Structures are given as structure tokens and as C-alpha cells.
Amino acid sequence: MAPKSQAGDEANPSASTMKRSDSESSFVSVPEEGPVKDYRDYRVRKSSLIATVNWSHVIGTYLPTLFIVGIGVLVAQIVHQVIMDLSSKVEHKASPGEFDFSIETITAVILGVREIFLSLFKYYIVLPLQSGEGGVLSTHVKTTALVLVVIGVIVTNDKPIYMLAFSTFKAPDSWKVSHAEIIQMMKNQKCFTEDSLKFMSRLLERSGTGQSTAWPPGIVQCLHGKESDRSIEASRKEAETVIFDIVESALKKAKLHPREIDILVINCSLFSPTPSLCAMVISKFGMRQDIQSFNLSGMGCGASLISVGLAKDLLQRRRFRGGKALVVSTEIITPNLYHGNERGFLLQNTLFRCGGAAIVLSNSWSDGRRAWYKLLHTVRVQSNSEEAYNCVYEAQDSDAQRGVRLSKEIVKVAGKCMEKNMTTIGPYVLPLSEQIPVVTTMALRLMLKNFGKLLKSCGQEKLAAKLPNKKHYVPDFKRGVDHFCIHAGGRAVIDGIEKNMKLELFHTEPSRMALMNYGNTSSSSIWYEMEYIQEHQKTNPLKKGHRIMQVAFGSGFKCTSGVW
């Protein structure tokens, strides 16, 4: 659902903190045949999505409030009854129709209320559980009550997770460089051949990144006559600048004090210092000593939703008292500039940029009214093949220069991994009109496969070869999801997902704009895209009740997705 500030942002565009660059292309979808489509063409009746609603979350949103109100009304009725019963018995000096609040009167009222609660406990708790003649309820009723209690416990185990706020890092102008300045920085490293510089220049031209994206000051300073600083001190300085800024901003938006945070999860793939980044944040903001903190590394660009999933699982363990979680996603560029000339490693020098995001989560029902979004589902699919494991691999080249090597098989591996992920999350977000064809196609393919095996076992190979090959039905996710945040891993990544999922250009606009304005900020890129949807997009404006799907990829190889 859209945050409460949405209406104000639409009325005052200048209030936005994200500088919007003009697009390189029109984001109105112009198909080869047929009329131009916009977001209105993908409206689905709410009745069609009724099967995807988590009713325990819906009911749970209102029941706690009604329960507290009911308890208050019950107590008020009991106190009123006691006062009315005692008003004629207790001696007081008040006028007729009034009540004297003396010590004797107050004591008598407290004792009367206590007696009524003891009576209620006896007749509604003790006697119903007794067996034999003293029992008020039958065995069948007790069994039903026990089942209801178990159901209640299950419902409390599935409390909704709310996002109270999130914030992204906006680099100062001194960090921003153009394509030409990036190539000049590479030249100033004095380690790249002319062929490598030309190759990186071509990569930049086709990358989809804009002319004002952020690099860390330790490397940018080589444009001003200084040598690049890739030391641990410069790396820590970059981490402190990015993380402290987004944490402070996110807590301010959520109106929380740092000591209210119960769980802290930070993911940074390639920079894992000692003490950890979590310890750095806890020390800076003076968080509680009993905070649960987790530092995730080596998980690549898909780590943010993994961190959100971890925070969700930890919050679910605090089902009775609720809690607050802070998730921080970033990547530190300073120590990770590749200084060799092997092409498999050079892509990281042209695509990745500085960035970060902080997200505040809560599973307290009282935060549901002020939350920006509610988390519906998260899915993580991990490939286990050797090919998938090696397609994004940190290693040293033949000259012992450290970097991240990207395999040519990455597109194929990512496609297979994403297909499994979408198959898993589909039943939770797709209407029945899309789920039924998927199930029907799968059943038909299985029948044809088994029938073909049967024919071959009977020696009818030619007849088996003539059986039709039923293609997989690709569900239309646009019927169940209104907005898409596709990891801005590069223009080719966005184009490929747009084609495979049959998305319109306005669906991939947030990804393209985030790539242009900020580059590939690794795991935090999906939050820049959500921010664009929330504050800027006009071709598919965000409205209350809309669903947003985030999709990201990580080394290993993994595909993560989440729906808000």
C-alpha cells in the first residue's frame, strides 16, 4: 500500500529528495501491433484476487484493537455495577445522587470489583474445566475450545510484518562523476592497457548508467592529482558515511529512537571488517546492549531481501510482545576496484556505484496504521549446480589481481533460477485466472510425458515421437502485481526480464531510472526503484492497495523476491 506521505508528495513534487534525470527513452509502451498500453489495461477485479489475501493478517489488523476496547468496556461496566450496588450501602456525606470518593468508598469498590473478577474466573475458567457433575461444559465443547486455542496460537505465529519507513543514500556532488571521468580515473590507476580502457569505455556506453553517478572519494581523488586511497581506513570512511546517513534518516522517518530497535541486520557482500559493520552502527547510535545483530557478507546483489527475510523470521519469534528491526543494505566500492586486464573481471569497474538503503520493520499490530507497506511474501531460491556456483566468483587473475569474475553463463543461470522463484511465489500473488492455466498445463505435460514412456515401453517409438510438446504456460504477473522493482544489474538484465515476463516499459521504468541515476548499487538497488515508484513515477502512479514486487539476483547463484 502507498505510504501516507504519498498524497503530499504528489501535491508538492519539489519536496522529493531524489533528483530525477530525464529518461533516455519514452516509457510509454508502443507494441508492434495493437493499441498503446498503460497501467489501466492491467486492472483486475478485486474479487479475482480474493484467493491471494492472507485473511489471518486482515483479521489480525482489527482484532487487537477491538479486544482492548472490549476489555475496557467490560471493566467499565463492572466498576459501574459495583458502584451502583454499593452506593446505597456505604455511608457517605455526599448529596443524594452523588458519590463521596472517601477511603472507605474506594476500598469497598476495589473489593467489589475483585469479587466479581474472582467469580468470573471461577464460573468461566475453573468450572468449565472440571470433569463430572461439577463441569459446566461437555467434552465436545472443551475439544472445540482447545482447537480454537490452537488456531489462535497459529494465527499469532503468522503476525504481519510492516515497513515503517526506508531511506536511500544520496551521495554529495563531490562523489559524482561522468563516464569520461570514470575512464580518466581508470587511466590514473596506471595499470590498465589501452585495450582494457577501450573495452571499459564500450561497457559504459551500453551500461544504461547516467553521467552523474557516485564513486567513493578515496578513488575520485585521483582526478585531482592525488593517488587513489584503497586502504581499510578509506573503506571504513565510505561505510560510515553511507550507513550512518541512511540509518539516521530511516529512524527519523519511522519516528523511532535507536534504543527501540530490537534486531539489526546489515548485508555488505565484499567488505567485512573487524569489528563488524553492525558493531559500528550499535556504537555510533548507542543502541541497546541486548540487541540481536547479524552481519551478512558474500551474498551479492540479492542479499537485501535475504536480510528482510531473516528479520521477518526473527520478529516472528517475538509474536507476543512484538519488536522492531533495522535492515541495512549496502556495498563498499573503495577496496574492490579491480586492477588487472582480464575482461571477465573488468565489468565490475564500470557498473557498480556507491549506494545504500536502510529499512525499518515491525510486527507490532499497533504500527499497522502508520506503516508505509505490509510484507506479503518473500521467496529465496538457491541454485546448487557447479555452473551456478562459479558464474559470479571472487578470485585472482593470472597476475594475482583480486576481483569478481562474471561468467558468460550468468544469463542462462539467472533465467533458470528466476523461473523457479516465480513458480514458487506465483500461487501467493496470482489470481485464479492465471493459476488454473499453470496447473492445467503442468498436468497435461505430465500426462503426455508418462504416456510417451508407456508407448516407448510397448515398442511404439514412432507414435511416441508424434505426441505434441506442450509448452509451459507463462503466467501474467501483471494481473496480480502492480509495480516491479527489478534489480538494476545492467541494461541487458532489465531487457531480458522485461521480455521473459512480458512487462510493459512503464513496469521497468523504475529499474531503468535507478540504473541511470545511481548505477548498480548492488543489493540496495531495489530500494532506489521503490523510492522512484513512491515519489516520482507518473506513467504508473502508486495508489493505496497496490502490490510491489522486488526481484534481485545474487552470487551462489540465488534469486530472491518479495511482494509488498
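The values are calculated or read from the model by the stated rules, or taken from the named source; none is laboratory data. Note that this is a predicted model, so its numbers are computed, not measured. As a convention, Cβ positions derive from the backbone with ideal geometry for all residues, glycine included, and neighbour counts pool all protein chains shown. Accessible surface is based on the protein model in full, side chains and every heavy atom, while ligands, DNA and RNA are left aside. Shrake-Rupley method; radii C 1.70, N 1.55, O 1.52, S 1.80 Å.
In this rough spin-label picture, where each label sits 7 Å from Cα along the Cβ direction, the Ile103-Lys449 distance is 8.4 nm.
Once the C-beta distance of Tyr428 and Ala465 is scaled by a Förster radius of 41 Å, the resulting FRET efficiency is 0.60 to the nearest 0.05.
A simple count of charges around Leu256, restricted to other residues whose Cβ falls under 14 Å of its Cβ and scoring Lys, Arg +1 and Asp, Glu -1, yields +3. With the Cα gyration tensor of region 364-471 giving a ≥ b ≥ c as the square roots of its eigenvalues, does the rule (a/c under 1.5 for rounded; else a/b larger than b/c for prolate; else oblate) give rounded, prolate or oblate? Because a/c hits 1.5 or more and a/b fails to exceed b/c, region 364-471 counts as oblate. Relative contact order of region 288-379, taken over Cα pairs closer than 8 Å and 6 or more residues apart, is 31 percent.
The label point for Val411 and the one for Ala76, both projected 7 Å from the Cα toward the Cβ, are 6.7 nm apart. Overall, the anisotropy analysis places region 170-224 in the oblate class: the square-rooted eigenvalues a ≥ b ≥ c of its C-alpha gyration tensor yield a/c not less than 1.5, with a/b not exceeding b/c. For region 402-518, the per residue solvent-accessible surface stands at 55 Å², with DNA, RNA and ligands left out and a 1.4 Å probe. Among 259-270, 241-252, 226-237, the peptide with the highest mean count of other Cβ atoms within 10 Å heads the list, and the full ranking is 259-270, 241-252, 226-237. Do the alpha carbons of any pairs in Lys176/Lys543; Lys453/Lys499; Lys253/Lys543 sit beyond 23 Å of each other, and which pairs? Violating the 23 Å limit, Cα to Cα: Lys176/Lys543; Lys453/Lys499.
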